[in-house]
């Protein structure tokens, strides 16, 4: 079995989908000849041709909009938005059409589309290349929003997204693209959708996180062992819909909840999790729910990005204060 | 300094406002049966449209976008398309939709606030009405891309209004379709007004057809009240697209003889004289003049046609009014192929309150 980085696992899943389903078509800026700015599609146009792996014109709105027209014809477009900070021109298409077409045609036209994009900061990228904007998409009915945190999960979730008959937003944490390697079997097995994953069992506190933050949370959890703080870590994985039941089950055992995300706090996905636990699990709590998040500021240029992204220290402090409250 | 590129925009008219032929007609124009079929459909549109406005005025239909005066463009486009082409309408091109098999009752159902109106028993792949302006254009380019990927000799036809040509999605889709040689025909229905803004205030461009030039595709202007020219121009554009010749932008010059919608009052912003003059150029009258002058039509046949259209429309009104109310569950049933667990509680709540209201 090959040990792959997360971006290599994505490439492997895309190749598997192209190889096994003639309806799968990749599209995006610089994904063909160049293999993608992060190399997620490296070698795929050479292997599958320019009609299966299309270099799109430089317009995110037309990429998302053409994906709608292609999917309505039975193709399964996997569209790449080069960076999440460039999602805005595509939002009209994603929110007004992709998310709604099945409903507004009573199931006559369905759209099996995946929109992939790099998510988050921490890689010293220029302005507008480090955004965490999942809340924009999670607010819209009719979309699934996924964010893997390991190479194996990225492989399985991407295959699940491509095979899903409805539109899926697939967020790829840029900081994890090449952070670590993991054995990934090219077995074509799709992961389960709509569920979160237990990364670490613990008794004292439930920590919910996703994407690149999972790695920082696991480090914080490891560091807190020396203080006899036993963290249960949940990788949310599916940001919409949220697997609230699994989170509530965990909180019922630990009695404490910390939510960690890189995106800004205001109206972040963490707020939805906190509200749901308050509504449905308040009596299990021994301490107030705490969020450790990006600030409600503009994502800074990269010289300050590590002051914005929740650090291992900030996460550990948040967990410690919650456990000691 | 020297010129590096030159472009012309041509205008086509084959039947003038008085009903006189003004050029050489294509084959279908010499076939009375085909002309009568188009005339009948234009008449059905007018009767349907008049009824829809009345239904809204009397509280039996939601806000409605009329098509009065634009029937020649709509029916001409429909008649030029093949059944397996795919239509991407805006929201008032009923003539094309009816020609392609969308039902009168379905259109009423949609404007009566019910998603079931977009079910489209006839053209199963045609897109529903598109309210966010110009966003249908990339959909059409996408369908055209699917035809290209699969090597199918099919075309996507997208409508857009004159105001819609100010939107980025309009330019983006034309540009992409040109760059990728896609079988797309875009029809700008230039009816003079984008709600209250006249075309002259929408753009400094002398024609909307010339917007094709920047995209590197064919562009042509046609008298949109002349069903012969509309169909002829569309047949040429579709044949070119089908044969790998790339997209065309067709600007159809017509006039919105109605308000923008039934929620609008055009007398607040539009000169009355302009409207009266436009009625002299409207499409049904000139077609009828031609047909009668050439012995293909009579006053008796006209009366019979009107009565038949009225009967069809009345039946459609009865049908949509008899449709049982949609269930609350339907809000949830079509959200995803499989409703996520977390939404099931909301569905149950909606069901509970729907059952207990009143």
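The values are calculated or read from the model by the stated rules, or taken from the named source; none is laboratory data. Computed from a predicted structure; not experimentally measured. We place every Cβ from the backbone using ideal geometry, glycine too, and count neighbours over all the protein chains shown.
Below is a table of values for the structure above.
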quantity	calculated
Qualifying positions in the range A:90-110 - touching a strand residue (DSSP E or B) at 6+ places or on another chain (Cβ under 9 Å) and buried (at least 24 other Cβ atoms within 10 Å of the Cβ)	A:94, A:98
Yes/no for residue B:132 being assigned to a loop (DSSP other than H, G, I, E, B) and at the interface with chain A (Cβ under 7 Å from one of its Cβ atoms)	yes
3 or more residues over 30 Å from residue B:212 (Cβ atoms) and more than 14 Å from chain A (Cβ to nearest Cβ): qualifying helices (runs of 4 or more DSSP H) within the range B:244-355	B:272-279, B:283-293, B:299-322
Count - residues of the range A:16-41 that are within 22 Å of the chain's Cα centre (by Cα) and surrounded by fewer than 18 Cβ atoms within 10 Å (Cβ to Cβ)	3
Selected residue (only one of B:70, B:56 is farther than 30 Å from residue A:75 by Cα, touching a strand residue (DSSP E or B) at 6+ places or on another chain (Cβ under 8 Å) and more than 14 Å from chain A (Cβ to nearest Cβ))	B:70
Test for residue B:242: is it touching a residue at least 24 places away in the same chain (Cβ under 8 Å) and over 30 Å from residue B:180 (Cα atoms)	no
Lone unmet requirement of (1) at negative phi; (2) surrounded by 14 or more Cβ atoms within 10 Å (Cβ to Cβ) for residue B:300	(2)
Sole residue being in the same structural domain as residue B:242 (by TED's automatic domain parsing) and closer than 20 Å to residue B:224 by Cα, chosen from B:197, B:149	B:197
Matching residues, the range B:136-151, being touching a residue at least 24 places away in the same chain (Cβ under 8 Å) and over 15 Å from the mean Cα position of the chain (by Cα)	B:138, B:139, B:141, B:143, B:144, B:145, B:147, B:148
Any chance residue B:227 is surrounded by 24 or more Cβ atoms within 10 Å (Cβ to Cβ), in contact with a strand residue (DSSP E or B) (Cβ under 8 Å, 6 or more places away or on another chain) and either within 30 Å of residue B:25 (Cβ to Cβ) or modelled with pLDDT of 95 or more (or both)	yes
Residue ranges of strands (runs of 3 or more DSSP E) in the range A:28-134 with at least 3 members within 13 Å of chain B (Cβ to nearest Cβ)	A:53-55, A:76-80
Leading residue by the ranking (nearest to residue B:207 (Cα to Cα)) among those in the range B:118-129 that are more than 9 Å from every other protein chain (Cβ to nearest Cβ) and free of Cβ contacts under 8 Å to residues at least 40 places away in the same chain	B:122
Filter result (in a loop (DSSP other than H, G, I, E, B), within 13 Å of chain A (Cβ to nearest Cβ) and either on the phi < 0 side of the Ramachandran plot or modelled with pLDDT under 95 (or both)) within the range B:90-117	B:91, B:102, B:114
Top-ranked residue in the range B:141-155 [being touching a helix residue (DSSP H, G or I) at 6+ places or on another chain (Cβ under 6 Å) and at the interface with chain A (Cβ under 7 Å from one of its Cβ atoms); ranked as farthest from residue A:62 (Cα to Cα)]	B:146
Tally, over the range B:162-182, of residues that are surrounded by fewer than 24 Cβ atoms within 10 Å (Cβ to Cβ) and either out of contact with any helix residue (DSSP H, G or I) (no Cβ under 7 Å at 6 or more places or on another chain) or facing chain A (nearest Cβ under 10 Å) (or both)	8
Condition met for residue A:277 (in contact with a helix residue (DSSP H, G or I) (Cβ under 9 Å, 6 or more places away or on another chain) and either buried (at least 24 other Cβ atoms within 10 Å of the Cβ) or part of a strand (DSSP E or B) (or both))	no
Condition check for residue B:284: surrounded by fewer than 16 Cβ atoms within 10 Å (Cβ to Cβ), touching a residue at least 40 places away in the same chain (Cβ under 8 Å) and touching a helix residue (DSSP H, G or I) at 6+ places or on another chain (Cβ under 7 Å)	no
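Residue-wise test of (1) at pLDDT 95 or above; (2) crowded, with 24+ Cβ neighbours inside 10 Å; (3) within 14 Å of chain A (Cβ to nearest Cβ); (4) in contact with a helix residue (DSSP H, G or I) (Cβ under 9 Å, 6 or more places away or on another chain).
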site: B:184; (1), (2), (3), (4): yes, yes, yes, yes
site: B:189; (1), (2), (3), (4): yes, yes, no, yes
site: B:192; (1), (2), (3), (4): yes, no, no, yes
site: B:205; (1), (2), (3), (4): yes, no, no, yes
site: B:209; (1), (2), (3), (4): yes, yes, no, no
site: B:212; (1), (2), (3), (4): yes, yes, no, yes
site: B:232; (1), (2), (3), (4): yes, no, no, yes
